[in-house]
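Read through the structure below, which is laid out as structure tokens, and then see the notes.
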Amino acid sequence: MPNSFKRTLVTAALPYANGPVHIGHLAGCYLPADIYVRYLRSIGSDVKFICGSDEHGVPITIKAKKEGITPQQVVDKYHKIMGDAFNEFGISFDIYSRTSNKTHHQTASDFFKTLYDKGGFTEQVTEQYYDEEAKQFLADRYITGTCPKCANPNAYGDQCEKCGSTLNATDLIDARSTLSGSKPVLKQTKNWFLPLDKLQPKIKAYIDLHSNWKPNVYGQCKSWIESGDGLQPRAMTRDLDWGVKVPVAGADGKVLYVWFDAPIGYISATKELLPNNWKDYWQNKESRLIHFIGKDNIVFHCIIFPAMLMEHGEFVLPDNVPANEFLNLEGEKISTSRNWAVWLHEYLQEFKGQQDVLRYMLCSNAPETKDNDFTWKDLQTKNNSELVAILGNFVNRTVVLTHKFYNGKVPAAEKFSKEDMIVLEELAKFPSKISEPLEHFKFREAISELMNLARLGNKYLADTEPWKLIKTDEERVKTIMNIALQITTNLAILSEPFLPFTSKKLFSFLNINPLTWLFAKKTNNLPTNHVIGKEELLFAKIEDEQIQLQLQKLENSKKENTPAPSIPPQKVETTFDEFSKMDIRVGTILEAERVPKTDKLLKLKIDTGIDVRTVVSGIAEWYKPEDIIGVQVSILANLAPRKIKGIESQGMILMAENTQGELSFVVPTKKDKTNNGSIVK
RNA sequence: UGCGGGAUAGAGCAGGGGUAGCUCGUUGGGCUCAUAACCCAAAGGUCGGGUGUUCGAAUCACCCUCCCGCUACCA
């Protein structure tokens, strides 16, 4: 840690209290944060580790409505599940608070007020959709309608997932509220915006000072600031009744934007932990602020929150934001809604006492530089061939031999051979071999060095063969075993940040009180004749059946969650006359080719019987050009031509779309009886 | 569309101008204290593709392909 800082405040992203915690959260944020903090504690740094549940925002109110309970009941439930799971997993928060509590409301409110009084906000009146039945304004995501660009009837208010275009909710045709299904009305509303556009130069200067941040983080920040129109003003209040009330006149029915209030949660939690000296950590230049987050949070922690802190004026800014990428599960994105996840609270139940197995797996396979994949097979391999075979086995060999030769009494090291000296020299290098990468947030490298220490131990035993020597040179064996025990002691010390449960067990095998990092350099941690504890296996093998069980579980949730058949409701009634206006023909595809620089588009040449024309169709995901030459399709022939990607499309191919959004041609079944130009009616 | 990150042995990753490296897996050997564990050795890569800069490129520049993410409320 840079010497210019006297203390460190580490925060881990406040998990959103609408679902439990899964391995993605852990690998991305909580585990690296915990390892870092435990390390800092071990070297004697002044550090506080802050977290809590993020309990505001629209999704929680929706969930409450769906389940017929209050938002408070929703957050109470998940706050407990998450807090308990973190605790049992060994995430060593100094405090796990929550944003629905009083301290936080007060703190967030004061913070807003301070910015408000300084003129830090701009007021803007905008028109927003309002659901009269549900009596609330609608976030863009809770409005669906027909996409004005591609006519997809299930576009969201912020984006059409079909054609990928970014939308405003007001662009949608036939907008509907997903809350009540009713038709929302436009209503004027006033909100307070943080003028990020004006703050851009300050923010840019701040980011430029931190080019040492991880490439993914620094790159993202630069990208936001420099690309396009730069930063845009962003609303810091919302029309909603669940959250921190906006503390100014004329703001009834408004709360702070959840992303305004959430990071302030770090401050509130610190206050709660240290009512008297929380300012030491937040308002003192000798304090270092570090945010652990996942990559989706980069913009809030690197741009918006620092901007808020700058404008407030009394706070230190984040010194580093070591965001990780994402973790996939068995090759697919983790998804809460599809239940494609390994939930921490379930793991803890199904793998009792095996916290460190998951910690080891998630750390050594952490998505530090790019997205990574978690597979159960890997977890089994890592457990069986690394934790069991290398670390567990070395410790077991050492403890067993000590009991066998000396009844558990630590033998004295008398004379060191050259071989011993080399091993001791190597041993002495490990504290820094591990701490150096840790201080640069390279957790994978650090934990692999830890395993190398166990390898060193195994090799030493294999090279010196004390079980043979005991017959010929008892004196020499004493030294060997003493050194093996010293290696074990160092493993106990150095494993603590990564594998705290293992570390604890090791100290109890050794029958000494836990030691901190600085002791790893000492050679007298185990006095001669000190009696060590009984052997016990450090890690158990994980059998194929256990892995199969987990895979089966995932398979099941896939089955249960895949269909989600939401058949769109029938459209409004139409007439035969109106239908007759559509001139639908059978045609044959003569040519087909990909439209360059697009994912979905094919350029088709179609013989419609009437003529041969060009049609651009968004079907490239479902049909390969070479496979569809000569295929008969239905085409809406009298649709007004339209330019797509610079090509004039003269008609539209009719497609059947299933609930999964997969497309298929609508074709006549009697091919020989339907000549090109046949009318569909 | 724009932007960011990534592509290196069967798998997972590190390296960022000068004999291509680690872990796991595989194969052969050694050992038997130890959870069929441990130790040694070997095989395995034209470092996504192309062009260029250079005495020399996995590394720098330009172009291309593919994966992931962001484009403003799911780590």
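FYI, it's all coordinate maths here, none of it is from the lab. Treat the numbers as computed from the prediction; the structure is a model and nothing was measured. Cβ coordinates were reconstructed from backbone atoms using ideal geometry, including for glycine residues, and neighbour counts include every protein chain displayed.
Calculated FRET efficiency, A:V680 and A:I173, Cβ-Cβ r, R0 22 Å, to nearest 0.05? The calculated FRET efficiency here is 0.30. Among A:S177, A:S678, sorting on how many other beta-carbon atoms sit within 10 Å of each Cβ, with the fewest leading, yields A:S678, A:S177.
In plain terms, the chain from A:E578 to A:K187 could stretch by 137.4 nm, reckoned as 0.36 nm per residue minus the Cα-Cα distance. For A:K478, the lysines whose Cα falls under 16 Å of its own Cα, not counting residues fewer than eight places away in the same chain, are A:K404, A:K409, A:K415, A:K418, A:K468. When the pairs A:K48/A:K102; A:K222/A:K285; A:K66/A:K382; A:K102/A:K442; A:K118/A:K190; A:K77/A:K245 are compared against a 30 Å limit on Cα-Cα distance, A:K66/A:K382; A:K102/A:K442 fall above it.
A Förster radius of 30 Å, combined with the Cβ-Cβ distance separating A:I95 from A:E346, puts the computed FRET efficiency at roughly 0.75. Within chain A, the selection of entire DSSP H helices by a Cα span of 20 Å or greater along the long axis and an average Kyte-Doolittle value of at least -1.0 returns A:71-89, A:258-273, A:418-439, A:443-464, A:474-494. Using a simple spin-label model with pseudo-atoms 7 Å out from Cα toward Cβ, A:L590 and A:I647 lie 1.5 nm apart. Distance between the pseudo-spin-label points of A:K377 and A:K459 (7 Å out from Cα toward the beta carbon): 3.0 nm.
Peptide packing: for A:475-484, A:13-22, A:530-539, the average count of neighbouring Cβ atoms within 10 Å per residue gives the ranking A:13-22, A:475-484, A:530-539, highest mean first.
With a 10 Å radius around each residue's Cβ, average the other Cβ atoms per peptide and rank A:391-401, A:375-385, A:244-254, highest first.
Going from most to least packed, we get A:391-401, A:375-385, A:244-254.
Computed over chain A, the per-residue total of -39500 (n - 2.57) for DSSP H runs of n ≥ 4 gives a 222 nm mean residue ellipticity of -11500 deg cm²/dmol, rounded to 500.
May I ask you to derive the FRET efficiency for A:K415 and A:K279 from their Cβ-Cβ distance with R0 = 51 Å, giving the value to the nearest 0.05? It comes out at approximately 0.35. Taking the charge dipole of chain A about its Cα centre, with +1 at Lys and Arg Cβ atoms and -1 at Asp and Glu Cβ atoms, the residue from A:F86, A:L387, A:A134 reaching farthest to the positive side is A:L387. For A:L358, the shell of other residues with beta-carbons less than 14 Å away shows a net charge of -4, using +1 for Lys and Arg and -1 for Asp and Glu. Can you classify region A:376-442 as rounded, prolate or oblate using the Cα gyration tensor, where a ≥ b ≥ c are the square roots of its eigenvalues, rounded means a/c under 1.5, and otherwise it's prolate if a/b beats b/c and oblate if not? Taking the square roots of the gyration eigenvalues as a ≥ b ≥ c, region A:376-442 is oblate.
Net length available on complete extension from A:Q548 to A:N452 is 31.5 nm, with 0.36 nm assigned per residue and the Cα-Cα distance removed. Taking the square roots of 5 times each eigenvalue of the Cα gyration tensor of chain A, largest first, gives ellipsoid semi-axes of 57, 35, 22 Å. Each of A:D577, A:D54, A:D94 was scored by other Cβ atoms within 10 Å of its Cβ. Listed from fewest to most, they are A:D577, A:D94, A:D54. The gain in end-to-end length when the A:E536 to A:M310 segment is fully stretched comes to 76.0 nm, 0.36 nm per residue minus the alpha carbon separation.
With neighbours defined as other Cβ atoms within 10 Å of a residue's Cβ, the residues A:F93, A:F326 order from fewest to most as A:F326, A:F93.
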